[in-house]
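Note sheet for the following structure.
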Amino acid sequence: MNAKLVEDIANAVLYEGYMLYPYRPSSVKNRQRWNFGVVYPRAYSEMQNGADNWFMQTECLASGSSPTELSVKVRFLQAVARTIGELKAPLDELPVSIDQSGDPDFQIVETFQVGDQILQTWQEAIEREIVLRSFHLEDLLASGRSTVLDFPGGRELEPVRAADGRIAAVIVRTKDSVTGKVEVIAECVEDGLFKITVRILNITSTMISSSANRDAALMQSLLSAHTILNISGGEFVSSIDPPAELKNAASECKNVGTWPVLVGKEGQRDCMLSSPIILYDYPQIAPESPGNLFDGTEIDEILALRILTLTEDEKHEMRHADERSREILERTESMPAEHFMKLHGVLRGLRPASEEQR
C-alpha cells in the first residue's frame, strides 16, 4: 500500500466541499456546508422518517483465507460552532472559570474588527478517527467486531486583544458531544471469497426536539465520514469492475451513502476507500495541482484565476474567514506564471488506440 497516496486521497474526501469558491462566509454557497458523508444522530434521522441517514454501510468482496488480516479506520469531521463575542468593557485578562457563570460580559456579533483583522461568526471542524485493530477473517466470521468511541463536547474562549493589549473580544468555540459506533462483519460467499460489511452508526445521546433544524443536527453528526480498509494476506475485489465470474456476487453488495473503490498504486488490491463521493478505482490527486481547493472537480486553473479577480475587500474577508481559506489565497497570489501554464490545457484519460481501432 502506498500510504502517502491513500492519505492524500482520503484527505481530499474529508474536506470535499468544506469551503467553496468564493471562499467567504458571506457567500450563499457557504451557508449550508457539510453536504457529503453526513451521518446524523439517530433521533434526528427518525424525525425525518429516515430521509437523513443515521448510519453508513460499506459492503465489498475480498479474496483470502481464515488467517487473512483486515484493519478498518473510519474518519470524519466534528463541527465546532465559532461565535464572536464583543466585550462590553475591555479586560486585561479573562476570568478563570469552569462554567459560563464566570464568563466576561459580552454580546454575540456577526463580525468584529480589531486592527486589520476581521473576526466572523462561522463554523470550524475537528478531524476525528475511529480505528479498529487488525483482526483475522476467521474472527469476523465467528462473531464480528465493533467499537464505540465518544467525542466529548466542550466550550472554549479565546481572547482577542486590541492594539493596546487589552482584551476587546472573545472567540467562543462550542462543540456538542458525538458518539460513533463501527461494526465489522464477514460472510463467506464461497471458498476463498468473503463479503466484508462495515457499518458506521451515530448513536449520540441527544435531546433533539421535533423543531430542530439541520444546523442543530449537524453539530452532533459525523461529517464527511469515510472508511479505509486494509487487507493483508488477501485481495479486495473491485466493486466497479469485478471479474466476470464475480459480477453477481459484487452486485449483491449493498452500500448505503458510500461507494468503495480500490486505492493506492494501480494494480494493488490491498486497500479500499469507501467514500461518500463517487470515485473511480485508483483515484489520484492531479500532479500539477498546487494544493487543495476543496472543490474536487479538477478545475484548479479556473478557480485560481477567479480568486485573483476578487476585490480587495473580498480577499480581506477570505483571508480572515478561516485558516484554510487564508492558505488558498496566499498560495494563489504567490503562484508563479509557469505554474499557471502547467494547469492550462491538461488532458487526462487518454489511452493508445488498439490495433483494431487504427
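The table below lists the values:
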{"item": "Amide H partners (placed H, <5 Å) of V80, local residues excluded", "result": "E124, A125, I126"}
{"item": "Compactness relative to 2.2 N^0.38 Å, alpha carbon Rg of segment 108-230", "result": "1.58"}
{"item": "For segment 193-201, 3J(HN,Hα) per residue [Karplus equation, 6.51 cos²θ - 1.76 cosθ + 1.60, θ = phi - 60°, Hz, x = Gly/Pro]", "result": "10, 10, 9, 9, 10, 10, 10, 9, 10"}
{"item": "Normalised convex hull volume, segment 34-285, alpha-carbon set, Å³ per residue", "result": "161"}
{"item": "Extension gain, E333 back to D116 (0.36 nm per residue minus Cα-Cα distance, nm)", "result": "76.2 nm"}
{"item": "HN-Hα J in Hz across segment 246-261 - Karplus 6.51, -1.76, 1.60, θ = phi - 60°, x for Gly and Pro", "result": "10, 4, 5, 5, 5, 5, 8, 6, 10, 10, 10, x, 7, 9, x, 9"}
{"item": "Other-chain or far-sequence residues with amide H under 5 Å of V114's (modelled H)", "result": "L119"}
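Computed from the coordinates by the stated procedures, all read-outs in this text should not be read as laboratory data. Since the model is a prediction, treat every value here as computed from it, not as a measurement.
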